[in-house]
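Bear in mind these aren't lab numbers, they're just calculated from the coordinates by the rules spelled out. Please read these numbers as outputs of a predicted model, since none were measured by experiment. No Cβ is skipped: glycine too gets one built from the backbone with ideal geometry, and neighbour counts run over all protein chains shown.
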Amino acid sequence: MIDETLTLIPGPTPVHPRVLDGLARPTVSHVAPAFIETFGACLANLRTIAGGGNAQPFVVAGAGTLAMEMALVNFLAPGERLLILSQGYFGDRYSQVAEAFGIPFDLIQSAWGHAVAPEELERALATGSYSVVAMTHVDTSTGTAAPIAAYAELLQGRAELAVVDGVCATAGMEERFDDWGLDVLFTGAQKALGAPPGVAILLASRRALDKRRSLDRVPAFYADLLRWLPIMEDPGKYFSTPAVNEIVALYEATQLALHEGLPARYARHRALARSVRAGLAAVGLEPFTAGDCLADTLSVLRYPPGVDDAAFRAQMARRGVIVAGALGAIAGQATRIGHMGNIGSAEVCRLLQAAEESLRALGRTVPPGSAVAAAAKHLQPLD
Ligand code: PMP
C-alpha cells in the first residue's frame, strides 16, 4: 500500500478524519440553528481547554497572526507601553505588530534556545511602566517553552495585562488561564488543536474586556473585539460571516481533545516529544534547545556534521514524511519536527524509520532499527 504523506511540521498538523469530515459537511447558513449550537459548543470547549471558565472566547476567520494583532490593538491606549518577552522569531513578531500600530515597546530577547528568566521580567517591572506584558508559551523557531506560570505569578496583583501566545502550545501543553491569572491567550486552529488552518482563537479575561471597553477607539475594525463580542455571546448574531465549515471542524477537534482528556493529552504530547528526541539522538540529531525549556509540541534538532538540510528533507519527503527547516540564524543547521495534535506512536515510528533510511541514503552509518529502538521505551502502545 502506498502511504499518504505524513506532515510533521510545526503546523499545520495532521487532521483527524473526524475533523476533516466536519469540514466536508454541506455549508449551512451562519445563522442556522444547528450551526449556532455547534459554534456555541465550540466556544465552550475552548474555554474548558484553556482552563478559562471565566474567560470570553473569540473565534474569527484568520490565523495566529491576526489573533496576535487582536491581542495588542484591543488593550493598549495610545502611548501606553508594551513589554515583550521573546525567545525567538515569533516573540519578535510582537514587536513588528507594535511597530505597525505605533505602540511603544521594550523587547527582552533571550538567547535562541533559552527562555527569558523570570528575574528579567521582575527587573523590567521594577524599572519600567507597562500596560501589557506579551509572552510566547512555545516559540516555534527555537522549540523553547517559556515559564509562563512563573511570569504570570510575577504579574499577580499588578495592573499589567498578561498576554500569552499559545499558538504552538494550547491543547498540547498545560495552560491554566484562570488559575494563572492570564488576561489574553491566543492560538490558531492548525497546531496542537489539530484542525485545519483558517481561524484565529483568542480568550480574554473580564479585566481585559473592561480595558477594551475603557478605550474609546482602537486602531481596528475587523480586529476590534467589541464588534465580535455580541456574536461570541450569542452566535446567532451577525457582524461578519463566520468561517462556518472551519468552525464545525474546530468543534470536532475540541471534542476529540476533551474526549481524550486534557491530562492524558498533555501526557501523550510529552511521551511523543521524548520518543522523537530519544530516537533521533540515537542517529545523531541532538536538540538545539536547552534541556530545561524543551517544548512538548515540537523539536528543533541539529544535524550531525556533513548532513545537508535540503538533502535530508528531500530524502524524508521521498519517503512521504514532511519535516521543516529551521529559521533565522540556525537555518540550514537544524530541522524542526512537529509532534503535536492528533498523532501517536505509529506516526513517530514512521518518522524515525524514514529518518534512519534518509540518513543512510546520505551516507551515514545508521543500523536499521536504531532510532525506533531508542524511542521504544517512551512510546505508548500503538493506537
Ligand atoms: N506564534 C507562534 C508561536 C507560531 O508558531 C506561529 C506560526 N507558526 C504564529 C504565532 C503565527 O501564526 P500564523 O502562521 O497562524 O499566522
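Out of curiosity, is residue 195 in contact (Cβ under 8 Å) with a residue 60 or more places away in the chain, buried (at least 19 other Cβ atoms within 10 Å of the Cβ) and small (Gly, Ala, Ser)?
Judged against the criteria, residue 195 is a match.
Restricting region 156-189 to residues that are in a loop (DSSP other than H, G, I, E, B) and surrounded by fewer than 24 Cβ atoms within 10 Å (Cβ to Cβ), which is nearest to the ligand (Cβ to nearest atom)? Step through it out loud before you land on a result.
Looking only at region 156-189, we keep the residues that are in a loop (DSSP other than H, G, I, E, B), and these are 156-160, 166-169, 171-172, 174-176, 181-183, 189.
Of the ones still in play, those that are also surrounded by fewer than 24 Cβ atoms within 10 Å (Cβ to Cβ) are 156-160, 174, 176, 181.
Values: 156: 24, 157: 28, 158: 24, 159: 25, 160: 20, 174: 16, 176: 19, 181: 21 Å.
For region 156-189, the residue satisfying everything is 174.
Which of the residues belonging to region 230-271 are closer than 29 Å to residue 173 by Cα, outside any helix (DSSP H, G or I) and free of Cβ contacts under 8 Å to residues at least 60 places away in the same chain?
Taking region 230-271 first, the residues closer than 29 Å to residue 173 by Cα are 231-233, 235, 242-271.
Next, from what is left, pick out any that are outside any helix (DSSP H, G or I): 235, 242-243, 261.
Across region 230-271, the qualifying residue is only 261.
Sort out which residues of region 130-155 are part of a helix (DSSP H, G or I), closer than 21 Å to residue 90 by Cα and either free of Cβ contacts under 8 Å to residues at least 40 places away in the same chain or more than 16 Å from the ligand (Cβ to nearest atom) (or both), and write them in order of number.
At the first step, the residues of region 130-155 found to be part of a helix (DSSP H, G or I) are 148-155.
Keeping just the survivors that are closer than 21 Å to residue 90 by Cα gives 148-152.
Correct list: 148, 149, 150, 152.
Where in region 25-129 are there strands (runs of 3 or more DSSP E), lying fully within it, with 2 or more residues that are surrounded by fewer than 21 Cβ atoms within 10 Å (Cβ to Cβ) and within 16 Å of the ligand (Cβ to nearest atom)? Don't jump to the end; show me each part of the working.
On the way: elements: 56-61, 82-86, 105-109.
Fully inside region 25-129 and qualifying: 105-109.
Just checking: which of the helices (runs of 4 or more DSSP H) contained wholly in region 279-383 hold 2 or more residues that are under 26 Å from the mean Cα position of the chain (by Cα)? Before the answer, list the steps.
Working: elements: 309-318, 345-361, 370-375.
Once the helices (runs of 4 or more DSSP H) in region 279-383 are filtered for at least 2 residues that are under 26 Å from the mean Cα position of the chain (by Cα), what remains is 309-318, 345-361.
Can you find even one residue in region 209-229 that is buried (at least 22 other Cβ atoms within 10 Å of the Cβ), in contact with a strand residue (DSSP E or B) (Cβ under 9 Å, 6 or more places away or on another chain) and not in a helix (DSSP H, G or I)?
no
Could you tell me how many of the residues in region 159-190 are closer than 18 Å to residue 106 by Cα and over 16 Å from the mean Cα position of the chain (by Cα)? Outline the logic, then answer.
First, pick out the residues of region 159-190 that are closer than 18 Å to residue 106 by Cα: 159-165.
Now narrow it down to the ones that are over 16 Å from the mean Cα position of the chain (by Cα): 159-162.
Residues in region 159-190 being closer than 18 Å to residue 106 by Cα and over 16 Å from the mean Cα position of the chain (by Cα): 4 in total.
So for region 200-220 (the condition being closer than 26 Å to residue 331 by Cα and within 14 Å of the ligand (Cβ to nearest atom)), does at least one residue qualify?
Step one: filter region 200-220 for residues closer than 26 Å to residue 331 by Cα, giving none.
No, there is no match, as no residue in region 200-220 is closer than 26 Å to residue 331 by Cα and within 14 Å of the ligand (Cβ to nearest atom).
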